[in-house]
Amino acid sequence: QAKQQGKKNYQLFDLEQAQKTSLLHVKLHEIQQALINNEFCLYYQPKVNMASGKLIGVEALIRWQHPVKGLISPLKFLPSIEGTDIEIQVGEWVIDQGMTQLERLNNRGINIEMSVNVSAMQFLNTCFLDSLNAALHRHQNIDSHHFKLEVLESSTLGNLERISKIISACRNDLGVKIALDDFGTGYSSLSHLRQLPADTIKIDQSFVRDVLIDPDDFAIIDGVIGLSKSFSRNVIAEGVESTEHGLMLLLMGCNNAQGYAISKPMPANMLVDWIKEYKPNQTWLNSSEVEMT
Ligand code: C2E
Ligand code: MG
Ligand code: MG
Ligand code: MG
C-alpha cells in the first residue's frame, strides 16, 4: 500500500512540477512583453545623513505597473526571471532608467547620488562592464561618481576574486561606486570584506527592525558599524522606520539612513517636489533634543 501511495505521490509531484514549469513560461513571456510595453517603472527612496540632515541620494527600486493587476512588487516577479536573458535585459533597463532620472535631477540643479540594484548574474556577466560603460556614454552629462550600484553581500560569496575585480574596474575605470546590500545576511567573514573594495555597507533591515529590543541585533549592528569604520567604508542603515530607530543608529555611529521614517519609495513625478520640500535643517540631532527635554 505504501508503494502504491508512493507512486501516487510521485505522479502528483510530477504534475505539479509540469504546471509550475509552464506557469513560469507564461510568466517569463509576460515579463518580456511588459518590458516591450514599457510597463516597468522605478520608484525612488531618499537616503539622508541624520547628523547633518542632508539628502545624500536616492535608491531606485523597480515596480511592474501591470495594466490589470496594478503595481507589482519586485519580490513577486524578479525571482521568475532569475538566470534568464530577461534578467539581463531588465537589469540594463534599470541602469539606463536610473541614469535618465539622474540626468533629469541634475538638469533641475539637484546633485545627489543615484543607486540602482544589480543582480549577481548581471554583475558577473562578462558583458557587464562594457554595458555599463556604454550606458555612461549614452548619458554623458551625468557624473559617474554620482552613480552607485547595490550588490547583495550574499552574491559575493564564492566569487570573491571575480567580484573584487569587477568592483575595482567599476571604481577605477568608470568612476562608479559600489554598495554591499543587505549586509550581515551573507555571512561573509572579516577578511572577505577586506578584499572587497566596495565604498558602502548597507546594514540589512532585518537587524535594524529589532535594534531597540533585541541585544543580538544591537550587537550585530554595532559590529558592522565598527567594521565599516575600521575599513574606512561608508555605512548606511536601511529599513529605518521610526525616529527612535534613527536616533539609536545615530548614537551607535551610523549617520546615514534610509527607510519609511524618512520616506517611502515614490514615483519619479513626486521625487522633485519631495526633494524641494525637504528641509536639510530638520536634523535628527535637533529632534532628539526636542524629545529628550
Ligand atoms: P533592497 O535593495 O534591500 O531594497 C530595500 C527594500 O526595502 C525595498 O523593497 C524598499 O521598498 C523596502 N523598504 C525601504 N524602507 C523600508 C522600511 O522602513 N521598512 C520596510 N519594511 N521596508 C522598507 P522593494 O522595493 O520591494 O524591493 C525589494 C528588493 O528587490 C530590493 O531590496 C532589491 O533586492 C530587489 N530589487 C528592487 N529593485 C530592483 C532592481 O531594479 N534590480 C534588482 N536586481 N533588484 C531589485
Ligand atoms: Mg538595494
Ligand atoms: Mg537592502
Ligand atoms: Mg533586501
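The solvent-accessible area of Lys76, taken with every protein chain present and a 1.4 Å probe, is close to 140 Å².
In what order, largest first, do Ser80, Ser191 sit by accessible area if the probe radius is 1.4 Å? Please list the in-between numbers first.
Values: Ser80 15, Ser191 60 Å².
If we order Ser80, Ser191 from most to least accessible, we get Ser191, Ser80.
Under the criterion of Cα pairs below 8 Å and six or more residues apart, the relative contact order for the chain equals 19 percent. Stretching His29 away from Tyr260 to a fully extended chain increases their span by 79.8 nm, per 0.36 nm per residue minus the current alpha-carbon distance. Between Ile275 and Ser242, what's the calculated FRET efficiency when r is the beta-carbon distance and R0 is 30 Å? Round to 0.05. Efficiency computed from Cβ-Cβ geometry: 0.85.
How big is the accessible area of Phe128 in square angstrom, nearest 10, if you roll a 1.4 angstrom probe over the protein chains? Its accessible surface works out to 10 Å², give or take rounding.
For every helix of n ≥ 4 consecutive DSSP H residues, a contribution of -39,500 (n - 2.57) applies; sum these over the chain, divide by its total residues, and give [θ] at 222 nm rounded to the nearest 500 deg cm²/dmol. Please report the intermediate quantities before stating the final value.
On the way: 12 runs with 147 residues, N = 293.
It lands at -15500 deg cm²/dmol.
Over all projection directions, the Cα-based convex hull of the range 34-94 averages an area of 5.2 nm².
On the beta carbon distance between Phe231 and Thr126, with R0 = 35 Å, the FRET formula returns roughly 0.75. Peptides 84-96, 112-124 ranked from most to least packed by the mean count of surrounding Cβ atoms within 10 Å: 112-124, 84-96. Let me have the relative contact order for the range 33-129, percent, based on Cα pairs under 8 Å that are six or more residues apart. Answer for the range 33-129 is 26 percent. Of the beta bridges in the chain, as assigned by DSSP with both residues counted there, near 40 percent are antiparallel. Determine the distance separating the Cα centre of the range 90-150 from the Cα centre of the range 174-200; give it in Å without decimals. Cα centroid of the range 90-150 versus Cα centroid of the range 174-200: 19 Å apart.
Cross-link list Lys229/Lys264; Lys47/Lys276; Lys229/Lys279: which exceed 19 angstrom alpha carbon to alpha carbon? Over 19 Å apart, Cα to Cα: Lys229/Lys264; Lys229/Lys279. With θ taken as phi - 60° and the Karplus curve 6.51 cos²θ - 1.76 cosθ + 1.60 applied, the whole-hertz 3J(HN,Hα) list for the range 37-52 is 7, 6, 8, 8, 8, 10, 9, 10, 10, x, 10, 10, 8, 6, 6, 9 Hz, x standing for glycine and proline. Between Leu212 and Ser189, the distance separating the two model label sites (each 7 Å from Cα on the Cα→Cβ line) works out to 3.7 nm. Average accessible surface for the range 125-244: 48 Å² per residue, computed with a 1.4 Å probe over protein heavy atoms with every protein chain in place. In sequence order, the range 103-113 has phi-based couplings of 4, 4, 5, 4, 5, 9, x, 9, 10, 10, 8 Hz under the Karplus curve 6.51 cos²θ - 1.76 cosθ + 1.60, θ = phi - 60°, and Gly or Pro positions carry x.
Going by accessible surface with a 1.4 Å probe and the largest first, Leu190, Leu212 read Leu190, Leu212.
The values are calculated or read from the model by the stated rules, or taken from the named source; none is laboratory data. Given the structure is predicted, the values throughout are model-derived calculations rather than measurements. Cβ coordinates were reconstructed from backbone atoms using ideal geometry, including for glycine residues, and neighbour counts include every protein chain displayed. Keep in mind that these areas ignore ligands, DNA and RNA; they rest on the heavy atoms of the full protein, side chains included. Shrake-Rupley method; radii C 1.70, N 1.55, O 1.52, S 1.80 Å.
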